[in-house]
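Remarks on the structure that follows.
Every number in this text was worked out from the coordinates using simple rules, so none of it is lab data. Values in this document were obtained by computation on a predicted structure and should not be read as measured data. Don't worry about glycine lacking a Cβ; one is built from the backbone with ideal geometry, like all the others, and counts go over all protein chains shown.
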Amino acid sequence: MATVAAAPATASPVALICGDDEFSVKQRTRQLYDGWRNELGGMDHEIIYGACTNAAQASEAVARLREALNTRSFFGGSKVIWLKDCTFLGEDRTSNSATVTAALTDLAKELKSFRWDSMRLLVSAGKPDKRRAFFKWLESAGRVEIYSALSADDKDWASRAESEVIRAVKAAHLDIRDDALAEFVARVGPNLRSLINEIEKLILYAGDRKMITVEDVRTMTTQQKQAQAFALAEALGDRDLGRLMRILDRELWEIRAGVEKGKSEIGVLYGLISKVRALLMLREMRDRAWLKPTSDYNAFRGQLERVPTDEMPEDRRFNPLALHPYAAFQAFRQSENFSAPELTRAMELLLEANLRLVGSSMDEGAVLRHALVEIVGTQPKGSSRRLAA
């Protein structure tokens, strides 16, 4: 994800703003388009819509672009042309059609000798195919900004999300506590549009106060779909059987109803295994006195930075320092809800469930419920031990 910055003085008359982060692409393109219009003045600027569903529409859009480029400003001034929301620069069927490929290749050849003294070309698009001649021409002739969407698969997505939130908060002349920032990012997840929308709600809610607190976040922030994926693991860590069963039932219903493509019972199980592994690792770090009981997030982060890294495994899956600090903080607090033998047994139960899911005809939901009741049900909610402040 590229950072959205203020539009600089024009260094090139051509710009491509693209990527799979639709929110940032739209925001940045509008910013650059308005900046160019204000700089150049005039009224002959032209927007060509590039959202196409087939090769015929794409070829027509290329023809309109060529016509616009060859039509100078009626009043003799400069002109900005915006090929907006272009959908045929990627790797889909329309983009790969021979007609569209030939049209863009021919256009790129023509534009190599084009006179840009009174023209600006702005293109906004999704994720591009960098092998295309038109992309290569755009890259050589002007500026290309690619905005990649946040993804839970990126190891640094939380840090990148935090940076965007801090930028928005500072722009509003406010501040946000570290624990509130971590809680906010955990609730919203890796979605930039949702992060911006939710932080705007918090800024309004803060009013005349200068600091956003974790209580503000819990009051005003909606837990997003991406963050809900962690809800089952958090209920397990909290050793809350009732909430755990309710969330599991919802997850199973979504899987069987096909609400989310690619979601499966085995995926749910792997998420639980990751959570128990984190609890086990953080419990071990506490038992080794690398981390001391605390309910203060900032104090915990300071302790985490002093943990001897040479004692940690190289595989990130088994390295607690690879966790986001707030996720580690949550797991550290929750690890006190279990003894070390209980966590070891929990891992054994989940691995047994894995064998049943892949090697038997047992109902998947029944397998998961049985394992979770065995792990959590031995201790009623509210009787769990808690870390001292």
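Numerical summary
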read-out	value
Nitroxide proxy distance, nm - points 7 Å out along Cα→Cβ at LYS26 and SER140	3.4 nm
Percent breakdown of C-alpha pair distances by 10 Å bin, ordered from the shortest bin, for the stretch 157-224	23, 65, 11, 0
Reference-scaled alpha-carbon Rg (2.2 N^0.38 Å with N residues) for the stretch 77-204	1.43
DSSP-defined beta bridges in the stretch 14-146 - what % are antiparallel, rounded to 5	0 percent
Long-range HN-HN contacts of ASP238 with modeled amide H, under 5 Å	none
For the chain, share of DSSP beta bridges that run antiparallel, in % to the nearest 5	0 percent
Binned Cα-Cα distance frequencies in the stretch 14-146 - 5 Å width, integer %	2, 11, 22, 25, 22, 13, 5, 1, 0
Theoretical gain in end-to-end length, ALA322 to ALA171 [0.36 nm per residue, Cα-Cα removed]	51.3 nm
Computed over the stretch 229-376, the ratio Rg/Rh where both radii use C-alpha atoms and Rh is Kirkwood	1.00
Fewest-first sequence of ASP178, ASP315 by Cβ atoms within 10 Å of each Cβ	ASP315, ASP178
Spin-label pair ARG288/GLU91, simplified geometry with 7 Å Cα→Cβ offset, distance in nm	4.1 nm
Dipole axis of the chain (+1 Lys, Arg; -1 Asp, Glu on Cβ), positive-most option in LEU83, ASN319, GLY42	GLY42
Longest exposed-site-free window of the chain, the sites being GluC sites (Glu not before Pro) in a DSSP loop that have at most 14 other C-beta atoms within 10 Å	92-259
Förster radius 22 Å - calculated FRET efficiency between ASN197 and ILE47 (Cβ-Cβ, nearest 0.05)	0.30
Potential lengthening between ASP34 and ILE266 on full extension [0.36 nm per residue; Cα-Cα distance subtracted]	78.6 nm
Among PRO190, PRO128, LEU291 the positive-end extreme of the charge dipole of the chain (Cβ point charges)	PRO128
Check: the chain dipole with +1 on Lys, Arg Cβ and -1 on Asp, Glu Cβ, in debye	460 debye
Taking the chain and dividing mean pair separation by its residue count, relative contact order in percent (alpha carbons under 8 Å, at least six apart)	14 percent
Tilt relative to the chain, helix 55-69 - C-alpha long axis, 0 to 90 degrees, to 10	50 degrees
Leading residue at positive end of dipole, the stretch 229-376 (Cβ point charges), from SER360, ILE273, GLN330	GLN330
Square roots of five times the Cα gyration tensor eigenvalues for the chain, Å	50, 26, 18
Part-to-part distance (alpha-carbon centres) for the stretch 73-149 and the stretch 348-371, which is given in Å	53 Å
